[in-house]
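Notes for the one structure printed next.
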Amino acid sequence: MASAGKGCLVLLCIEASETLVEPMCTTADLQQELVPYVLSQLVQNAAFLKLTKPERQMRVKNLTQKMLSGETGDPSVDEEDGDIAPHRFWSHLRTKYGTRKGHLLELLKLLEPSVKDKQVVLLRYESEVEAISTSLFVRASEPCSSVTRNVAATSRRVLPPGEFAADALGEWLQDCFNGRRAPPLWPRFVQECKRAEVEGFSEVRALVICTAARSVDTTPGAIGLAAHALRHQSTNLVPFVSHLGFGAQSSERLAAISELCAWSGGHSFEVTDPSTLRPAALGLASILDGKSLCANDFLERRRYYAQKQTMKTCFLSLPRLGVDASSDATSSLPEDDLIVEDLIKDNLNTELDGTVSSESMLMVLSETTLAMPRRWGRSLRCWRESRGLRDVVFGEPGGLGLELDEPDLSEGSTGDARRWRLRATHPPASALKMKEGSLLLSVNHSRVHEGTPRSEIARKVAARPVALTFATPAKTGISANRSIGETFAAVAAEIAVGELREGLQPLKKDAPPLKTATDRVAAAAPLAEASKIRSRQFDKVCAEAKLQAGEHSSMLQAVALLRCLLFTGDLPTAARASSASRSCRKLLTEGVVAISPTTTATATAESGRKVRGKTAGYHLWRWLLRWGPGLPAKCRLGFWEWTLGPASSKRDSTKEPATLSERIVEASVKVDPIGVIVLSSSLAAACPGASLATYVLEGLQTTVQEAAASESASQTSSSSSSSSGLSSRLLEHILGDDLEGRRLWLLSSDGLAGLVLQARCLQVMIAAHHPKLFRHFMNEGVAPELFFCNWLLTLFQGCCPTADLLRLWDSYLFERSQKVFVRAAVALFGLLEDKCKGDVDQIVEALLKKEAWELPKNKLWQAASETKVTRAMLSEIVGKETPDGSR
């Protein structure tokens with residue numbers, strides 16, 4: 001149990017979005033108010049009364065349309081019509097119907113006496129309505145830069161006892177950090193509960209205030225995962241959660257949030273009209289003050305819910321909690337992990353909406369100048385065009401010149417007819433040469449769907465600058481028949497590069513990390529010849545083997561024999577030598593299995609002597625993989641499992657999951673339950689990374705099997721491949737801490753930050769190895785990281801001949817470092833330098849058309865082997881970009 005020294009902590013979580021300041025009226029109320037308001041104002045205007053009847057009718061029509069468009073945010077534009085300005089009409093609606101912000105401040109004033117004497121933590125959060133967007137994915141992930149860390153910091157306030165004042169919170173609630181939105185609820189909620197446990201609070205009383213009726217955070221799947229995250233992360237201090245919602249929720253969401261409150265011992269309230277606000281506030285005040293209700297009262301509610309769980313009459317499958325004050329929670333049970341897996345598996349087909357830009361991407365796409373810092377937006381637009389998206393921006397005031405057809409919602413309409421469509425263009429939009437019939441998908445960061453009213457679209461496009469995204473036929477590169485995983489790989493590349501370019505500082509030639517990398521590359525240039533590299537590897541093997549052998553001459557003889565085999569790159573003969581000689585076998589096998597490449601001292605199993613650095617066996621196998629002819633195809637999967645060693649498992653699985661995607665979810669929850677649960681809880685229990693991992697690993701599995709079948713056929717062998725696919729054991733290692741597959745494929749909350757750092761490493765390395773090419777990319781507005789992220793996420797499938805691809809995978813799994821792919825990408829850009837001449841359109845087209853590269857066999861592998869990229873160089877880059885150098 002946590003120490004009782006600090007007593008009770010109050011955690012107030014407030015959903016603060018743009019809906020806070022909108023009037024709480026329905027569309028019918030708006031229409032009912034509009035025309036009478038306009039007429040009442042116009043009849044007082046002498047100039048209006050002098051107009052003819054048709055002119056007065058046209059004037060009323062234009063003004064009502066302008067009222068529906070809302071406030072532009074530009075006072076000079078809003079004041080053009082004097083008393084009939086749009087902001088005056090919307091101010092009238094707020095006064096008459098009120099706003100959620102006004103009701104929220106009134107609620108906080110009523111709660112103030114109850115929480116005044118306690119420490120209060122305030123969280124401002126913002127989710128998404130219904131759909132899972134790129135913006136939500138970024139905000140649900142761990143911060144990628146100081147910018148996103150500052151956003152999270154400014155949306156959190158800690159008020160010591162005696163400092164809570166409702167009147168001072170209005171500006172903070174409406175505040176936004178440079179146009180960026182606050183993170184979603186559940187990851188930060190779980191983090192705050194864990195922090196309270198560490199700081200020694202005896203209990204946490206939390207109040208979640210929802211102001212949006214269809215928030216992703218209140219879906220049953222999200223709430224179920226949030227409960228499991230609380231259970232995993234905070235073993236002794238599960239909070240008492242209460243909820244207050246403004247507006248009517250669906251019955252399913254209401255049941256889910258009510259069960260979360262009952263499970264934790266709290267209560268749930270709904271405010272559907274202003275008259276119910278005060279009774280709800282009084283009930284919440286009694287919950288938060290700690291006097292009317294004590295911990296035993298909350299534990300009694302937990303006991304009642306535990307009985308419902310025993311009878312299996314609950315709506316959600318939530319983890320079991322302890323029901324007395326001395327045992328607040330029990331240890332995590334295996335069935336809890338099974339429930340988590342089932343929640344995620346049920347949403348595997350939920351696709352992330354990659355049409356709406358994240359905040360970082362929107363800043364670039366809204367740029368109307370050609371300034372160098374955001375010139376890379378040219379390549380971003382071309383990249384999105386390859387996905388069938390057309391992004392346009394308008395920065396000047398006035399009309400856009402766009403005519404849109406409203407969705408046809410009649411019973412027989414289907415497909416594109418039920419979407420907003422572009423009918424025609426006029427100046428200034430006609431200069432953009434947009435295709436008629438294009439579908440309008442988003443305005444800024446707001447998704448446009450069949451239910452979006454024209455008034456809302458008109459209001460959003462009134463702002464400047466305004467970015468609109470249309471769906472058009474795909475241009476080139478990515479196939480039109482893309483799988484969910486392949487699409488997410490392209491979207492994730494956009495997201496990561498947006499966070500990199502907008503969040504991290506630009507590279508400077510004379511400052512680390514670029515200067516350090518450039519100096520190391522220059523120093524390594526004279527030694528880059530293959531023969532010199534091989535000689536250094538030989539010396540390293542001999543030195544390590546001599547240290548292991550001591551006075552044993554037989555080991556030194558084995559080293560001499562194997563060194564001769566290394567000169568020939570003869571892997572089969574080396575294997576036969578290990579069968580004939582115990583010393584050779586020891587040198588080949590010792591220290592390879594389960595070796596950590598970063599270990600500074602390892603103990604040999606037989607002698608117990610410590611060996612500095614990596615063992616001779618490790619260096620020997622790395623040399624064979626790098627300079628030898630490559631592994632026999634039919635032995636590849638077996639070799640991978642051998643080098644990775646035994647996989648740890650939290651539980652025995654008697655039933656193998658039916659599909660690869662389900663196996664990926666199961667393995668991910670095993671190796672990183674908190675990271676997976678926290679991310680998916682913000683995405684309505686969806687896990688888009690599982691689709692990406694499935695797409696990649698299916699391709700890997702197929703490639704390995706086809707290579708084995710081809711080899712068997714060429715050798716006229718009757719035996720088939722010894723493996724039918726990736727075992728669960730191997731899959732766990734790929735997704736585990738060594739290879740970090742779950743981070744690579746964005747299955748956990750720290751995946752995006754890891755991908756951003758990998759993109760930074762590529763940026764530095766390509767600038768150090770190919771400075772002229774990098775400058776050309778900068779001048780033309782090309783972001784090479786876009787292509788690298790996509791190559792990395794798909795493990796370079798389709799980027800080179802199969803022989804090179806398999807050797808890349810062998811090296812990656814053996815060395816357990818993504819430096820293999822950074823090195824390959826740098827080499828690949830060097831090989832494609834002649835194709836990257838021209839403007840941004842030509843460069844992007846050349847890099848997307850992989851089939852036109854026509855790389856000879858072993859060309860990429862040879863170039864990558866001679867490219868200077870080391871773990872030390874990458875670690876220095878990562879350490880420079882992270883506060884603690886932990887990634």
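The values are calculated or read from the model by the stated rules, or taken from the named source; none is laboratory data. Note that the structure is predicted; figures quoted are calculated from it, not measured. Reconstructed Cβ throughout: ideal geometry from the backbone, glycine too, with neighbour counts over all protein chains shown. With ligands, DNA and RNA removed, areas are computed over all heavy atoms of the protein, side chains included. Shrake-Rupley method; radii C 1.70, N 1.55, O 1.52, S 1.80 Å.
Being touching a helix residue (DSSP H, G or I) at 6+ places or on another chain (Cβ under 6 Å) and open to solvent by less than 60 Å² (accessible area, probe 1.4 Å) is the filter here, so list the residues in segment 404-415 that pass it. Working first, answer last.
Kept after step one, since they are touching a helix residue (DSSP H, G or I) at 6+ places or on another chain (Cβ under 6 Å), are these residues of segment 404-415: 407-408.
If the condition is that a residue be touching a helix residue (DSSP H, G or I) at 6+ places or on another chain (Cβ under 6 Å) and open to solvent by less than 60 Å² (accessible area, probe 1.4 Å), then PRO407 is the only one that fits.
Every residue in segment 105-131 that is buried (at least 18 other Cβ atoms within 10 Å of the Cβ), at pLDDT 90 or above and not β-branched (Val, Ile, Thr), please.
If the condition is that a residue be buried (at least 18 other Cβ atoms within 10 Å of the Cβ), at pLDDT 90 or above and not β-branched (Val, Ile, Thr), then LEU107, LEU108, LEU111, SER114, LYS118, GLN119, LEU122, LEU123, ARG124, TYR125, GLU126 are the ones that fit.
May I ask you to list pairs of residues, at least six apart or on different chains, whose Cβ atoms are under 8 Å apart, with the first in segment 206-222 being in a helix (DSSP H, G or I) and the second being among the basic types (Lys, Arg)?
THR218/ARG253; PRO220/ARG253
Restricting attention to segment 669-682, does a residue exist that is open to solvent by 10 Å² or more (accessible area, probe 1.4 Å), polar (S, T, N, Q) and part of a helix (DSSP H, G or I)?
no
Quick check: anything in segment 387-403 surrounded by 14 or more Cβ atoms within 10 Å (Cβ to Cβ), among the basic types (Lys, Arg) and more than 30 Å from LEU847 (Cβ to Cβ)? Quick ask: steps written out before the conclusion?
Residues of segment 387-403 that are surrounded by 14 or more Cβ atoms within 10 Å (Cβ to Cβ), as a first pass: 387-394, 400-402.
Right, trim to among the basic types (Lys, Arg) and you get 387, 390.
Add one more test, that the residue is more than 30 Å from LEU847 (Cβ to Cβ), and what stays is none.
No, segment 387-403 contains no residue that is surrounded by 14 or more Cβ atoms within 10 Å (Cβ to Cβ), among the basic types (Lys, Arg) and more than 30 Å from LEU847 (Cβ to Cβ).
Of everything in segment 416-436, what is at pLDDT below 90 and open to solvent by less than 50 Å² (accessible area, probe 1.4 Å)? Give them in sequence order.
Within segment 416-436, just ALA417 meets the criteria.
Just to verify a result, which residue in segment 741-778, among those that are at pLDDT 95 or above and among the polar types (S, T, N, Q), is surrounded by the most Cβ atoms within 10 Å (Cβ to Cβ)?
The extreme case among them is GLN758.
Take the conditions in a helix (DSSP H, G or I) and of a type in the set (Gly, Ala, Ser) and apply them to SER242. Does it pass?
Numbers: in a helix (DSSP H, G or I): no; of a type in the set (Gly, Ala, Ser): yes.
So SER242 fails the test.
Can you tell me which residue is modelled with the lowest pLDDT among those in segment 156-193 that are part of a helix (DSSP H, G or I), farther than 19 Å from HIS243 by Cα and open to solvent by 70 Å² or more (accessible area, probe 1.4 Å)?
GLN174
Residue by residue through segment 832-887, note down the ones that are open to solvent by less than 70 Å² (accessible area, probe 1.4 Å), part of a helix (DSSP H, G or I) and hydroxyl-bearing (Ser, Thr, Tyr).
Answer for segment 832-887, where residues must be open to solvent by less than 70 Å² (accessible area, probe 1.4 Å), part of a helix (DSSP H, G or I) and hydroxyl-bearing (Ser, Thr, Tyr): just SER865.
In segment 740-771, which residues are within 25 Å of CYS635 (Cα to Cα) and out of contact with any Leu (no Cβ under 7 Å at 6 or more places or on another chain)?
Listed by number, the list holds a single entry, GLU740.
Would you check if there is a residue in segment 234-253 being more than 18 Å from GLU192 (Cβ to Cβ) and among the charged types (D, E, K, R)?
Yes.
Would a scan of segment 806-817 turn up a residue that is buried (at least 24 other Cβ atoms within 10 Å of the Cβ) and not in a helix (DSSP H, G or I)?
No, that holds for no residue.
For the condition outside any strand (DSSP E or B), surrounded by fewer than 20 Cβ atoms within 10 Å (Cβ to Cβ) and without any contact (Cβ under 8 Å) to a residue 12 or more places away in the chain, what is the one hit in ALA248, ALA153?
Details: ALA248 fails: without any contact (Cβ under 8 Å) to a residue 12 or more places away in the chain.
One residue alone meets the criteria, ALA153.
Here is a list of conditions, (1) in contact (Cβ under 8 Å) with a residue 40 or more places away in the chain; (2) open to solvent by less than 20 Å² (accessible area, probe 1.4 Å), and TYR695 meets all of them except one; can you say which number that is?
(2)
Of all residues in segment 1-59, which are closer than 30 Å to VAL204 by Cα, open to solvent by 60 Å² or more (accessible area, probe 1.4 Å) and part of a helix (DSSP H, G or I)?
Those that are closer than 30 Å to VAL204 by Cα, open to solvent by 60 Å² or more (accessible area, probe 1.4 Å) and part of a helix (DSSP H, G or I): ALA4, GLY5, LYS6, GLU18.
Looking only at segment 807-843, count how many residues are among the β-branched types (Val, Ile, Thr) and free of Cβ contacts under 8 Å to residues at least 60 places away in the same chain.
1
Here's a check for you: in segment 437-473, which residue that is over 27 Å from the mean Cα position of the chain (by Cα), small (Gly, Ala, Ser) and within 16 Å of GLU403 (Cα to Cα) is modelled with the lowest pLDDT?
Applying the filter and picking the extreme gives SER455.
Does GLY283 fit the bill of being part of a strand (DSSP E or B), without any contact (Cβ under 8 Å) to a residue 40 or more places away in the chain and among the small types (Gly, Ala, Ser)?
no
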